[in-house]
Structures are given as C-alpha cells and as structure tokens.
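Okay, so here's the structure we're looking at.
What follows is calculated from the coordinates using simple rules that are stated; it is not laboratory data. The structure displayed is predicted, hence computed values, not measured ones. Virtual Cβ from ideal backbone geometry, glycine too; neighbours counted across all protein chains shown.
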Amino acid sequence: MNTLSFMPNLAFSSKTLLTVATVLAILGTAAQAETFTTSGRRPMLEVVQALQKEYGWRISYEDPALEYTGDLEDLTSPAYKATHTDPRDVLLVPLAKPFTFSWTSSAQTPDARSVMEQCVAQHNGSGNPGAFRVYYQGDALHVIPLAAKNAGGAMVPAVSALDSIVSFPAQQRTLIDTISLILNLVHRTSGVQAVVGMAAGNAMTKPISIAANGISARDALLLALDAYQAANLEAGLPWHPMTWALLYHADQKMYYLNLFTVRPAPPPSFNLIFPGN
Amino acid sequence: MSRLSVITRCWCLALCLFSPLTSHAFGQALGCGGIEPKVVGYVQGTLMTTEFTVTGVTAPGLTVQLANSSGTVFDTISPSNDGGGTWTFSVNSGILGLGVTSVDAWNVAANGALTLCDAAFLNQQTPSTTVASGGCGTAAGNWQFAEGGVNYGTLNLTESGSSLGGNLSITEPSGTACPGTKVTWPVMAPSTYDISDGGLSIKLGSPSPSESPGGKCVFATGVSMTGTIPLLSCNMASGTLTGTNPNPPPPTVSSPFTLSQNCPFPTGETSTFDTWESAKGLNTEAGFSVQLQPTTTNFAGRLLSEGAVAGSIKDACYNDIPDQGSAVQPPNPDSEWAITSSDFYSSDDMIGYSPAAVFYYRLQLYRLTGGTSFSCGFTLQQQMHMNSCGSATLFTPYGGTNSGNTNTLSSTITSTTVSSSRAGAFSPTLTFP
C-alpha cells in the first residue's frame, strides 16, 4: 500500500500477518487483535522477524541449546548414513509444529514490549521446543532462552552463550574482528562455540573501537554494533540499529551468529489524497 | 467491558497454559527502560545542554560513561535518582570533541557488577558554511516534497520578508487509488519562515482540483505544515503536516514530511571485480569496485544506501534445509557508503557467503542429500539509493537495471569453490579452502 493512499493503519500489510478481530470499541478506545501463524522450525524467531519487519523494532533472538531428541528431527539421508556410521555425524534441526501467535493492541503502532511479552508467554505454553524470556535495553529487546529440555527430557533452566562475561581492552578493530573476539572469549569462558553465520560483509569490515570490562557478551555485542552505527552517524548517515539471531545447530553443538540491520517501519498512512465517496 | 478486562483475559489464558518453570519468566528482571533522547546533534561552537532521562531502572545504582569514537571513556557521570526507576543527568556540549560521543548508562548491581542499560549518542559537527546566524538565510526555492522517503512532488516557495507564497504540487504514484492524479495547493497567508530559529509554518489553500476525475479521490483541505530548516543543512527541512479529509472519517490526518532541494543523481554505475576479501577475514566474499555515472558529475561526499527489492532474495542453500531449519540465515544486503572524489563507492561492495556459512552448507547439504557433490547459491535484486543533497534521511533510487536500480547479485557454493557476481560483473571462481 502506498503511503499516499489513505487507509486506516490498524492492520498489518503483510499477507501473513492477519487482522482477525475487528475494532472493539471499549470505553472510547479501540483494541485490536492480531495473529501470526508460523510454518518453520523456530516459531519464536519467525514471529520476532515478522514484527521486526513490520514495525522496525530492534529485537534480537537467541536459540536455546536443544539436546532432547524429542525436540529435534534427523534429516540425514539414508544414503549418507550408509557410508557415515558415526551416530554424531547427522543433520539435526529443531522439531516444531505450526503455531498461531496473537496479541492485542490499542494503538496504531503497538507497544513492542507488550507484544513481545504476549508472544513469548504464548510460545512458552505452546509445547514447541524451549522457553524464552524478554529482556530490555532501551529500544533493544532481546528474546533470550529461559529453559529447554535436557537430553533426558527434563525441562531445565537455559543459559545463553551471550550471558558469558568478557573483558578486552579498547583497540581499533574491524566490526567482524571485534565480534569474533567476543565469540572467542565466550568459547574460552563457557566452552560454547559460536561463529559469524550471515552478516553484511560491507558493514563487517568497518573499523570500530570499544572496550569490555567484565560485562556480558550480549552487552559487548550491543556496544560493538552501536559503535558501528555511531561511526555511520559521524559520516552523516542515518541511525539504523543492528540486531542479531543467534541460532544453535544441534549436531555441531555450536551457534551461528546472524546479523541484521533494522530498518524503520514506514510512517503511518496519512495523506492529502483520500478515497472518494 | 473494559479494555483492562480484555487484556486480563488474554493473560489469564496464557498463564493457564504455562508450566511452573516457564511462568518464572514473569518474575525475572526485565532489563532497563532506556535513555531519552537517543541521538542528539550539536553544532560546533554553539553551547548546548541536553537533559537525559533514564527510565525503567531496576538496579540499585546507575552510572553513565561518556566515550569518544576511539572507545576511550573520558568522563563518568553520577545521575540523580528521581525515584520510581527514573534517573536524570545532563551533558554540556562544551566538554565534547568533534564527532560522535557515546553516552552509555550502566546498571550497577549491589555487588558492583555492571550491565548495560542503554546508550545514547551525541554528534558534534562543524556548521554548514551556508548557515546564517541562527537559522538558514532563506526558505525560498523549489523543494522536493517527500513522505516516508518517497518523493511525491514539489513545494515551490517564494519569500517576501518573513512571509511565504508559492504552491505545493503532487502527483499520486502508481499502485494507489488514483495514479497519475495531479493536484496543487496554493501557499496562503499566514505562512512564514523565521530566520532566527529556522521555523517554518505554511498554510495551504483549497486544492485544485478538489477531486480526481470520476471522484475516485478527494483532496485534503485546511492543510498546514510546520517544521524547521536545521542549522546544519540549509537544503533540507522536516516537520509535520496536517490536513482534513473532506469525506470523513477520519476528519483529520497528520504525518511527518521532508523537504529537500533539487540536486543531481547518477544515471547509472559500473561494477568491476576487485578482489577476494581474504585480507579482511572474509575469504569467500568477492569485492566489487563500483563507479557512478556519469563521471563528469561530481558526487563526492554524497551517501549511498543499499537494500533488497522485496521478495527478491532467493537463497537455495538456505531453502535446501527444509522448513527454515538452517542455522545460517539468508543474505540481507543493507549497507551504506560515501562517494569518493572520483565517484567510486568508498569501499568495495562485498558479495558472497561468509567462510563459516560455506563450511556449514557443504557439511549439512552433504548429510541431507547423501550426494558427493553439490551446488547451491543465492540471487537477489539490489536496489541502490542516493541521499538528497544535505539530507541524511531522504534517499532516492537512481540508475537503471543492473546499473544501480535493481542490480542482480549472486553467489554460488560448490563442493570445492565459491563465486559471485554483481550487476553483470563476475568474480573468478575461487577454490576454497
């Protein structure tokens, strides 16, 4: 929908984000129910990325480390297994069923925290793998693992790789070198391995300078991404914050850090031109 | 039924479904509300003080560090605790150097441990040479009128003293209810520009015509625009526009707008493979050198932004692992460049999968298919935009197919090699590792 065409801005424009309830007039205000149905193996990530795209919210996502066989699906081909007999040499991916998230909002642009809390609460009751919590740092929202089933199938508290405490001195490094340093320190302190999966190479090679002194890897990562944006700001470029999806690959028992720029959502429809009668 | 009861009903439903473990989420510290304002611009030599507010603080203490672009902390501030999780402090531009200063607010736990609450950014820049005392010298001229980063028409302003005249002309774009419709509003009194502070106040008269042929669209009346031409840039302005729909509801609408002065844009660009970016630790990404056309026009200092055309990203490697099971996400081009004095991008445009992604897909797709060799890759349509002169927020597409406006980018992984292309320019095939 072009922004010059007037429309009530109460519904998502995405085909997959559907308005399911009409406006409820309640005490002079309007509450709106929205839904989003997932189709993939990481329902929480799917809804995070849909909300990010629709509203320009800065939301990071971190996978729980899934170990329970009932939470995983083995996609290894029989042909491969015939020649690779090591039981660890398999392709394991999360096993999730489609889930419909729903949330309510009374504003044209919903409150990010309220919506994320609703979605996380629904996921945690959905029966899909892992449970999450929401953590705020200003306009940055983080969806962090809260619990997951262990190998025996018992739900136990989860610790995110990015909760590791890291320290390093201020020095000019490229963004990818800084992030790799943080991930190496995570490996050193927690034994958890993580590497950069997808990231825009053009951004990754820009120099930044930050220090970390006994802070979480998540804080250090946020500082690094903000330092890159600060350098852009200094060059006259607009502020477009970055965020991440830290995804666990069960058979390798390691994480892949995927980095994204968050683009602002289009402004609410207005205009000088309206549909005629 | 009250709104509260609707929300409560929703939460109750969710809580009923929780296991005892997962419901603990509601008892956990949720973090920190954040700093406002987030980004502040300062003009060198103009003393300004910014009052910051940090809200939603649950830690017993808060400390604020000011760090320069070298990552050096040059000042630490103890903010005032206003109660209710709100802390306040101020920063005077007189203590800042040129460039961006990070204002990092840290939660201080009872044991002294620090966790990041939020960061704000102060940007001290040298003033524009065209700045008059206070505001810009004039608002007169032809301005591109835009909303949401899209140009819709022209605001022509004439100036007599502080009074403004002229007109706003808009063409409704394709894909809307009445594409191609042209409408003009006259600028009427009282419309003013205040040179002392850059304040812009514009009233528009009745639209001409008042509706499109056939009455498919009607045009707003009672339109007013308020905004400023900022000190740092005299060829851009921004503000808020309000107008009335003659056929309510809704009776009125409002929206942010931007204005920018006309300036040249490239007609296209040329791409040439430069190098594999092994020196930067991204051995599998091909760097392409790009020059804007025509080279007879000087675009030095202008800014470029890239994006992907909606729906154009096709990543076969990602899609080969069914149902979004891949731990490596599809590419999402989203970078920015400045333009050099010879009209080149300030650095190569790097295209390809990261080394870790190459290893990942080779291993997982072997397991998935059981084959002994494979090939997969991505293609996408890259859309380049250039900023309007003096504007850091208004970007406009330029060029033609494979020449800025929708460049085809691709990268391919095989069992032993990687290769990439940009807008018809191809890298050599690299054996990796």
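Comparing B:GLY199, B:VAL290, B:PRO248 along the charge dipole axis of the stretch B:169-290, the residue lying farthest to the positive side is B:PRO248, per the Cβ-charge model. Scoring A:47-58, B:325-336, B:81-92 by mean Cβ neighbours within 10 Å over their residues and listing the highest first yields B:325-336, A:47-58, B:81-92. All other residues whose Cβ lies under 12 angstrom from that of A:THR76 are scored, Lys and Arg at +1 and Asp and Glu at -1, for a net of -2.
By the gyration tensor of its Cα atoms, with a ≥ b ≥ c the square roots of the eigenvalues, what is the shape of the stretch B:299-389: rounded for a/c under 1.5, prolate for a/b over b/c, or oblate? Since a/c reaches 1.5 and a/b is larger than b/c, the shape of the stretch B:299-389 is classed as prolate. A full extension of the chain between B:ILE95 and B:ALA189 corresponds to an added length of 29.5 nm, given 0.36 nm per residue minus the alpha carbon distance. Going by Cα centres, the stretch B:240-276 and the stretch A:43-117 are how many Å apart? A separation of 35 Å, based on Cα centres.
Reducing the stretch B:299-334 and the stretch A:118-144 to their Cα centroids gives an inter-centroid distance of 25 Å. By definition, a body whose alpha carbon gyration tensor gives a ≥ b ≥ c is oblate when a/c is 1.5 or more and a/b is not larger than b/c, and the stretch A:178-222 fits this oblate description. Among residues other than B:TRP106 whose Cβ falls under 13 Å from its Cβ, what is the net charge (Lys/Arg +1, Asp/Glu -1)? Combined, the nearby Lys, Arg, Asp and Glu give -3.
Using a cut-off of 32 Å between Cα atoms, the listed pairs B:LYS216/B:LYS314; A:LYS53/A:LYS206; A:LYS206/A:LYS253; A:LYS149/B:LYS38; A:LYS81/A:LYS149 include B:LYS216/B:LYS314; A:LYS149/B:LYS38 as exceeding that distance. Over chain B, dividing the summed -39,500 (n - 2.57) contributions of all DSSP H runs of at least 4 residues by the number of residues returns a 222 nm mean residue ellipticity of -2500 deg cm²/dmol.
Shielding by partners for peptide A:204-217, expressed as the average number of C-beta atoms from other protein chains within 10 Å of each residue's C-beta, is 4. Given axes a ≥ b ≥ c from the Cα gyration tensor, I'd like to know whether the stretch A:101-253 is rounded (a/c under 1.5), prolate (a/b larger than b/c) or oblate. Oblate shape, in that a/c is at least 1.5 and b/c is the bigger or equal ratio.
Taking the Cβ of B:VAL183 as the centre, find all other residues whose Cβ is under 14 Å away and add up their charges (Lys, Arg: +1; Asp, Glu: -1). Around B:VAL183, the surrounding residues sum to 0.
Using R0 = 60 Å, the C-beta based FRET efficiency linking B:THR49 and B:VAL309 works out to 0.85.
Averaged over peptide A:38-50, the number of partner chain Cβ atoms lying within 10 Å of each residue's Cβ comes to 2. Inter-chain neighbour count for B:353-359: the average number of beta-carbon atoms from partner chains within 10 Å of each residue's beta-carbon is 5. Ranked by the mean number of other Cβ atoms within 10 Å per residue, highest first, peptides A:124-134, A:96-106 order as A:124-134, A:96-106.
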